[in-house]
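The values are calculated or read from the model by the stated rules, or taken from the named source; none is laboratory data. Remember, predicted model here, so these are calculated numbers, not experimental data. Please note: Cβ atoms are built from the backbone with ideal geometry, for glycine as well, and neighbour counts cover all protein chains shown. Please note that ligands, DNA and RNA were not included when accessible areas were found on the heavy atoms of the full protein model with its side chains. Shrake-Rupley method; radii C 1.70, N 1.55, O 1.52, S 1.80 Å.
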Amino acid sequence: MKKIAIIGAGISGLYIANLFKDNKEYQVTIYEKKSSIEVDEGYGIQLSVNSVELLNKIGFSSFTEEEKFNPKKIDFYEIKNLKKICDLDISKFNSKKSKYTTLKRSKLLQFLKKQLDNDMIKYNCSIDQIDYDKDSIRLIFNNNKITCDYLIISDGVFSKGKSLISKNKSKPIYNDTIAIRGSISKENLKNINEENISLFLGSDFHYAVYPLDKDKKFNFIGILKHKLNSNEQKNHNLYSESFFIESIKVKLSQKVSQTVFESLQNIKLFPVFVSKNLYNPPKNIFLIGDAFFAFSPSFAQGASQSIEGANELYEIIINNYNFYNFRLKRVKMVNNRSNFNQFAFHLSNPIMIFFRNVILRILTKNSKFLDNYLGKVYKN
Ligand SMILES: Cc1cc2nc3c(=O)[nH]c(=O)nc-3n(C[C@H](O)[C@H](O)[C@H](O)COP(=O)(O)OP(=O)(O)OC[C@H]3O[C@@H](n4cnc5c(N)ncnc54)[C@H](O)[C@@H]3O)c2cc1C
């Protein structure tokens, strides 16, 4: 039996553990830094059909209608005048069993965790050291030594596992944007179609609101351009410091309507760090999820790509293919689209905005374009 160690019990680590759990040839253990998996936070996540199809392999279709939502379209609006620009039918990529889905991130994590034996996840284990040669991989967590045949590093965008094996060569960079998460009740969202994702485009800022379940509790996610100096970028406590939160709230109040601003609850800030380059680890050590490559959130593909990458790695380990080259092509495609979306969503110049809206109206109705721009990503 081959021993697999997974560092990080996030979406990608938990998903790949689910794929391996019934395979008698492998014994999987996840090492997680935190003392538990957060299952009570209320923020949302969008999952496109490519990842829903893979989640269905492990029973995601058993989620009840009360726990998730299937939006039909993305409605584009201008923040300035709240006028609708156009809409994009995302349900056209759905199949009977796999539909574009929005839900609470905590519900997804709870589902991924629930299927694993309790002793498969070791908590309070932050990776300290990784040593390897051609025969074995040795890990040290809090002075405990572990050996394994395969190491899967899935400890997120600030991956310590990746820093250790790359000798700090592959660090993420600040994307000059802050993600603002919050919740908002439907009474405070006027003139939107509650069946859809509403995407509001403004100068150096865009936000999306979407339902999380049948009760139509709405998730708010805004992406705000904001420079940070190098000290601020290193300070991971900055985003919970009240003076910083207040300064971002002031900026936010100038970007959204008073009603939206005043009804936002549970605001939480996240600096957006993205990958600058790719790193190909040594034999039998693999990176997945944000540790492999972290995208700008403007295409809402981070979690979906994490699940896709985990599925590819599972197939590759059991069939002995080359994982890195396989993932590379897909990551480049999604990254180009994420960066382009952010550029187009944040335009400030009125002439550029005029042309963007004209082009958006045409392209969102052009099947050939949609099949190429979205279909290639949404279909595995
Ligand atoms: C504001 C925001 C909104 C987003 N919205 C969406 C969306 O709508 N749709 C979408 O597809 N994606 C979205 N994403 C991206 C998505 O959340 C990530 O791409 C996804 O969570 C990555 O999964 P992961 O498993 O790689 O890492 P994570 O989910 O970050 O999990 C990493 C795990 O590793 C653990 N860990 C960290 N360090 C160590 C260590 N040293 N030792 C052991 N364990 C460690 C952590 O505690 C954590 O449990 C969003 C991201 C942000 C910031």
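Which value, in Å², gives the accessible area per residue of the chain when a 1.4 Å probe is used on the protein heavy atoms? Spell out each step's value before the answer.
Numbers: 18260 Å² over 380 residues.
Here the residues of the chain average 48 Å² of exposed surface.
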- Message: Per 0.36 nm of contour for each residue apart, how much would the distance between LYS249 and ASP204 grow if the chain were fully extended, relative to their Cα-Cα spacing?
- Response: 14.7 nm
- LYS365: which lysines have alpha carbons under 21 Å from its alpha carbon, excluding same-chain residues fewer than 8 sequence positions away? LYS72, LYS73, LYS83, LYS84, LYS92, LYS99, LYS376, LYS379
- Task: Using only the alpha-carbon atoms of the chain, report the extent along each of the three principal axes, biggest first, to the nearest angstrom.
- Result: 62, 49, 35
- Which Cα, out of GLN254, ILE137, ASN341, lies furthest along the positive dipole direction of the chain (beta carbon charges, K/R +1, D/E -1)? ASN341
- Query: With +1 on each Lys and Arg Cβ and -1 on each Asp and Glu Cβ, how big is the dipole of the chain about its Cα centre, in debye rounded to the nearest 20?
  - Reply: 920 debye
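Cα-Cα over 18 Å: which of LYS3/LYS171; LYS33/LYS113; LYS113/LYS214; LYS68/LYS368? Could you put the intermediate results ahead of the total?
Values: LYS3/LYS171 28 Å; LYS33/LYS113 15 Å; LYS113/LYS214 23 Å; LYS68/LYS368 30 Å.
Correct reply: LYS3/LYS171; LYS113/LYS214; LYS68/LYS368.
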- Message: Taking every DSSP beta bridge with both residues inside the chain, roughly what % is antiparallel (nearest 5)?
- Response: 70 percent
- Across the range 238-248, in residue order, what do the Karplus-derived ³J(HN,Hα) couplings come to in whole Hz, using 6.51 cos²θ - 1.76 cosθ + 1.60 with θ = phi - 60° and x for Gly and Pro? 3, 6, 10, 7, 5, 5, 6, 4, 4, 5, 6
- Task: Choose one of ASN284, PHE244, LEU19: the residue whose Cα lies farthest towards the positive end of the charge dipole of the chain (beta-carbon charges +1 Lys, Arg; -1 Asp, Glu; about the Cα centre).
- Result: ASN284
- Picking from PHE200, PHE63, SER106, whose Cα lies most toward the positive end of the charge dipole for the chain (charges on Cβ: Lys, Arg +1; Asp, Glu -1)? PHE200
- Compare the peptides 243-249, 3-9, 49-55 by average per-residue count of other Cβ atoms within 10 angstrom and give them in order, highest first. 3-9, 49-55, 243-249
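Work out how much length LYS167 to ASN193 would gain on full extension: take 0.36 nm times their residue separation and subtract the Cα-Cα distance, in nm to one decimal. Before the final figure, lay out each step's value.
Numbers: separation 26, 0.36 × 26 = 9.36 nm, distance 4.93 nm.
The LYS167-ASN193 span can extend by a further 4.4 nm.
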- From the P(r) of the range 99-162, can you give the percent of Cα pairs sitting at distances over 18 Å? 53 percent
